[in-house]
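Read the structure below first, then the notes.
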Amino acid sequence: MSDSSFTIEQVLELAKEKGLTHIAITNHDTVKGLKEAIELGKKYGLEVIPGVEISAYDYKRNRKVHLLGYGIDLKNKALNKKMIDLKDIKTIN
């Protein structure tokens, strides 16, 4: 599922219905909602793998790209600061 209009809980419900035991959840340029996803995952018996999708630019190919990171540490101060910085940049542009 990509760029879903479903809530995190709806995604987890669908994952459980499909028989998944683990699922990665990412958001564009933010870790917002990942703590909630991990907690809700416990409710559904799912292991939620927290991730982030960082917007970047490939100057060699002259196009936007997305870098995916999985199993991230939600308490990492540098990562959280970078997500705030990216949010500020998007607001300016």
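The values are calculated or read from the model by the stated rules, or taken from the named source; none is laboratory data. Note that the coordinates shown come from a computational prediction; the quantities given were computed from them, not determined experimentally. Here the Cβ positions follow ideal geometry from the backbone for every residue, glycine too, while neighbour counts run over all protein chains shown. Quick note on the areas: whole protein, heavy atoms, side chains included, nothing else; ligands and nucleic acids left out. Shrake-Rupley method; radii C 1.70, N 1.55, O 1.52, S 1.80 Å.
In this structure, residue 1 does not qualify as touching a strand residue (DSSP E or B) at 6+ places or on another chain (Cβ under 8 Å) and at pLDDT below 85. Set side by side, the residues 13, 36, 47 differ, and just one is surrounded by 11 or more Cβ atoms within 10 Å (Cβ to Cβ) and under 12 Å from the mean Cα position of the chain (by Cα), which is 36.
Matching residues to (1) in a strand (DSSP E or B); (2) of a type outside the set (Lys, Arg); (3) modelled with pLDDT under 95:
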{"residue": "6", "(1), (2), (3)": "no, yes, yes"}
{"residue": "19", "(1), (2), (3)": "no, yes, no"}
{"residue": "30", "(1), (2), (3)": "no, yes, yes"}
{"residue": "38", "(1), (2), (3)": "no, yes, no"}
{"residue": "42", "(1), (2), (3)": "no, no, no"}
{"residue": "48", "(1), (2), (3)": "yes, yes, no"}
{"residue": "54", "(1), (2), (3)": "yes, yes, yes"}
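Across the range 57-74, the qualifying residues are those that are under 18 Å from residue 47 (Cα atoms) and either in contact with a Ser or Thr (Cβ under 7 Å, 6 or more places away or on another chain) or part of a loop (DSSP other than H, G, I, E, B) (or both), and the one among them that is most open to solvent (accessible area, probe 1.4 Å) is 73.
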